[in-house]
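Asker: I have a structure I would like to understand better, so I am pasting it below and will then ask my questions one at a time.
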Amino acid sequence: MIEQKRILATSIPGPASQALQQRKVSAVAAGVSTGLPVYVTEASGGILRDADGNQLIDFGSGIAVTTVGNGNQRIIDAVTKQITAFTHTCFMVTPYDSYVQVCEKLNELTPGDHEKRSALFNSGAEAVENAVKIARHATGRQAVVAFDHGYHGRTNLTMGLTAKNMPYKHGFGPFASELYRVPMAYPYRWPGGAEHCAEQALRTVTDQIHAQVGESNTAAVIIEPIQGEGGFIVPPEGFLPGLADWCREHGILLIADEVQSGFCRTGDWFACDHEGVVPDLITAAKGIAGGMPLAAVTGRAELMDAVHPGGLGGTYGGNPVACAAALAAIESMEADNLAARAREIGDILTDRLGRLAEKYDEVGEVRGRGAMIAMELVTDAGSKEPAAALTSAVNKGCHERGLVTLTCGTYGNVFRFLPPLSISDDLLHEGMDVLEESFTAAVG
């Protein structure tokens with residue numbers, strides 16, 4: 001295991017990473033960009049080591065993927081054992097036990113005590129796409145409703161569900177049809193004020209679906225219980241349960257996209273657990289398998305079984321190596337009580353960010369749950385004008401000082417903090433020191 005210590009051996013990026021980046025530019029399509037071009041050679045816990053010997057504190061977890069930490073010994077052992085046995089057969093041709101085991105765990109861990117079924121895929125976008133297929137097939141309806149600021153993937157269908165144009169949708173249309181968008185319950189920016197957001201947003205959403213789509217035409221409403229790329233927007237208490245009740249009343253399926261918020265990230269197994277919301281279908285990926293490509297759709301048995309045999313699947317979906325990693329990751333989450341650890345991390349992050357907000361008016365809001373925390377930056381606390389340039393400057397400063405940070409938000413003005421749940425308190429505090437130093441320098 002790498003020493004859990006930040007080391008700046010060279011400037012960042014260093015000469016070796018710069019040389020590798022030149023090769024990348026010559027070999028890799030320009031559309032595949034890199035936010036921080038340091039080339040990682042080793043990682044464990046909360047540290048990434050690059051080709052120049054720099055050691056960076058990781059506040060991104062590969063976008064919420066390495067939740068149990070890089071170098072998790074349970075995953076290493078499980079993957080090594082599986083690779084020596086076999087790497088692939090295709091579950092649809094000759095199946096294997098680990099696929100079934102992962103589905104059993106998903107059926108057990110996802111919200112609700114009803115009978116469930118699961119199906120495995122490769123990526124979050126693929127899971128979302130299949131959830132929509134299942135919803136349309138099971139209901140016989142076509143329309144799917146998504147939310148402002150939502151992000152659901154990069155396939156054609158999921159781009160249509162995604163709200164943000166650049167860089168995800170620009171120039172890639174036309175997109176799939178029968179996709180509709182409604183306002184998100186965004187307390188910080190709700191026109192009627194945060195205190196009225198839950199009630200007003202729910203009424204706006206349901207009225208808009210009624211008028212513009214029609215309940216009897218709507219197969220599903222899809223929502224991230226805490227929005228990811230859109231800015232870690234946390235809907236106010238009561239909004240999600242109210243939406244679930246309304247969907248149930250009208251025979252509309254509620255799809256919870258928990259690709260980023262699932263698997264202990266928010267301090268519960270799934271973000272829906274916070275208010276006891278039980279979706280009809282739930283999508284998972286990212287943190288499910290400790291870095292191996294795996295995704296899933298889990299849902300009510302009668303919905304999942306409504307699709308004809310052969311209607312769901314894919315060559316690599318539920319690959320045995322990825323399944324082995326997922327079982328080991330879930331074992332780590334259970335054995336190490338990582339949901340509780342996420343809450344501890346959240347307490348540290350919100351405390352430190354709250355103190356930063358007391359010093360600087362540019363910190364408009366600190367929000368999130370568990371180890372899924374955000375800081376929204378504004379130029380003026382009164383107007384709440386998004387401070388995208390300041391966000392970029394602070395992010396650049398963090399990178400130069402050896403802290404891997406991620407930005408997000410429809411307006412490009414939100415920091416999202418997604419540290420691995422294996423990170424130490426010492427590294428968390430050091431990372432926050434780096435953030436504050438970078439913030440102070442950028443504000444001037």
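Asker: If a residue must be surrounded by fewer than 22 Cβ atoms within 10 Å (Cβ to Cβ), hydrophobic (A, V, I, L, M, F, W, C) and over 21 Å from residue 159 (Cα atoms), how many such residues does the stretch 190-235 contain? Before the answer, list the steps.
Answerer: Kept after step one, since they are surrounded by fewer than 22 Cβ atoms within 10 Å (Cβ to Cβ), are these residues of the stretch 190-235: 190-196, 198-200, 202-204, 206-208, 210-217.
Filter again for hydrophobic (A, V, I, L, M, F, W, C), leaving 190, 194, 198, 202, 211, 213.
Then keep just the ones that are over 21 Å from residue 159 (Cα atoms); that gives 190, 194, 198, 202, 211.
Qualifying residue count for the region: 5.
Asker: Could you give every pair whose Cβ atoms fall below 6 Å, whose first residue belongs to the stretch 75-98 and is closer than 20 Å to residue 315 by Cα, and whose second residue is surrounded by fewer than 12 Cβ atoms within 10 Å (Cβ to Cβ) and at pLDDT 95 or above, counting only separations of at least 6 or pairs across chains?
Answerer: Correct list of pairs: 90/315.
Asker: A further question follows. Please indicate, with yes or no, whether at least one residue in the stretch 22-31 is among the charged types (D, E, K, R) and either modelled with pLDDT under 95 or surrounded by fewer than 22 Cβ atoms within 10 Å (Cβ to Cβ) (or both).
Answerer: yes
Asker: Taking the stretch 67-98 only, how many residues are buried (at least 24 other Cβ atoms within 10 Å of the Cβ), in contact with a Leu (Cβ under 9 Å, 6 or more places away or on another chain) and part of a loop (DSSP other than H, G, I, E, B)?
Answerer: Residues that pass the stated criteria total 3.
Asker: A follow-up question, please. List the pairs whose first member sits in the stretch 265-291 and is outside the structural domain of residue 324 (by TED's automatic domain parsing), whose second member is surrounded by fewer than 24 Cβ atoms within 10 Å (Cβ to Cβ) and of a type in the set (A, V, I, L, M, F, W, C), and whose Cβ atoms are under 8 Å apart, counting only residues at least 6 apart or on separate chains?
Answerer: No pair meets every condition.
Asker: Only one of 43, 78 is of a type in the set (A, V, I, L, M, F, W, C) and assigned by TED's automatic domain parsing to the domain that holds residue 425. Can you tell me which?
Answerer: On the way: 78 fails: assigned by TED's automatic domain parsing to the domain that holds residue 425.
One residue alone meets the criteria, 43.
Asker: Would you say residue 371 is within 24 Å of residue 226 (Cα to Cα), outside the structural domain of residue 262 (by TED's automatic domain parsing), of a type outside the set (Ser, Thr, Tyr) and surrounded by 22 or more Cβ atoms within 10 Å (Cβ to Cβ)? Before you say what the answer is, go through the steps one by one.
Answerer: Values: within 24 Å of residue 226 (Cα to Cα): yes; outside the structural domain of residue 262 (by TED's automatic domain parsing): yes; of a type outside the set (Ser, Thr, Tyr): yes; surrounded by 22 or more Cβ atoms within 10 Å (Cβ to Cβ): yes.
Spelling it out, residue 371 is indeed within 24 Å of residue 226 (Cα to Cα), outside the structural domain of residue 262 (by TED's automatic domain parsing), of a type outside the set (Ser, Thr, Tyr) and surrounded by 22 or more Cβ atoms within 10 Å (Cβ to Cβ).
Asker: Given 428, 406, 418, which one is of a type in the set (A, V, I, L, M) and more than 18 Å from the chain's Cα centre (by Cα)?
Answerer: Values: 406 fails: more than 18 Å from the chain's Cα centre (by Cα); 418 fails: more than 18 Å from the chain's Cα centre (by Cα).
Exactly one of 428, 406, 418 is of a type in the set (A, V, I, L, M) and more than 18 Å from the chain's Cα centre (by Cα), namely 428.
Asker: Filter the stretch 396-444 for residues that are crowded, with 21+ Cβ neighbours inside 10 Å and either basic (Lys, Arg) or in a loop (DSSP other than H, G, I, E, B) (or both) and give the result.
Answerer: 402, 405, 409, 410, 413, 416, 418, 419, 420, 421, 422, 423 - these are the residues of the stretch 396-444 that are crowded, with 21+ Cβ neighbours inside 10 Å and either basic (Lys, Arg) or in a loop (DSSP other than H, G, I, E, B) (or both).
Asker: Same structure again: Mind listing whichever residues of the stretch 127-181 are in contact (Cβ under 8 Å) with a residue 60 or more places away in the chain, in contact with a Leu (Cβ under 7 Å, 6 or more places away or on another chain) and part of a strand (DSSP E or B)?
Answerer: Once the filter is applied, which keeps residues that are in contact (Cβ under 8 Å) with a residue 60 or more places away in the chain, in contact with a Leu (Cβ under 7 Å, 6 or more places away or on another chain) and part of a strand (DSSP E or B), the stretch 127-181 yields 144, 146.
Asker: Among 344, 362, 385, 358, which is the only one that is within 25 Å of residue 288 (Cα to Cα), surrounded by fewer than 23 Cβ atoms within 10 Å (Cβ to Cβ), out of contact with any Lys or Arg (no Cβ under 8 Å at 6 or more places or on another chain) and not assigned by TED's automatic domain parsing to the domain that holds residue 285?
Answerer: Details: 362 fails: within 25 Å of residue 288 (Cα to Cα); 385 fails: within 25 Å of residue 288 (Cα to Cα); 358 fails: within 25 Å of residue 288 (Cα to Cα).
The conditions single out 344.
Asker: Could you list, in sequence order, the residues of the stretch 310-325 that are in contact with an Asp or Glu (Cβ under 9 Å, 6 or more places away or on another chain) and at positive phi?
Answerer: The answer is 314, and nothing else.
Asker: Out of all the residues in the stretch 240-261, which are assigned to a helix (DSSP H, G or I) and in contact with a Leu (Cβ under 6 Å, 6 or more places away or on another chain)? Quick ask: steps written out before the conclusion?
Answerer: To start, the set of residues in the stretch 240-261 that are assigned to a helix (DSSP H, G or I) comprises 240-249.
Of everything in the stretch 240-261, those that are assigned to a helix (DSSP H, G or I) and in contact with a Leu (Cβ under 6 Å, 6 or more places away or on another chain) turn out to be 242, 244, 247.
The values are calculated or read from the model by the stated rules, or taken from the named source; none is laboratory data. The shown structure was predicted, so the numbers you read here are calculated from the model rather than taken from an experiment. So basically every Cβ, Gly included, is an ideal-geometry build from the backbone, and we count neighbours across all protein chains shown.
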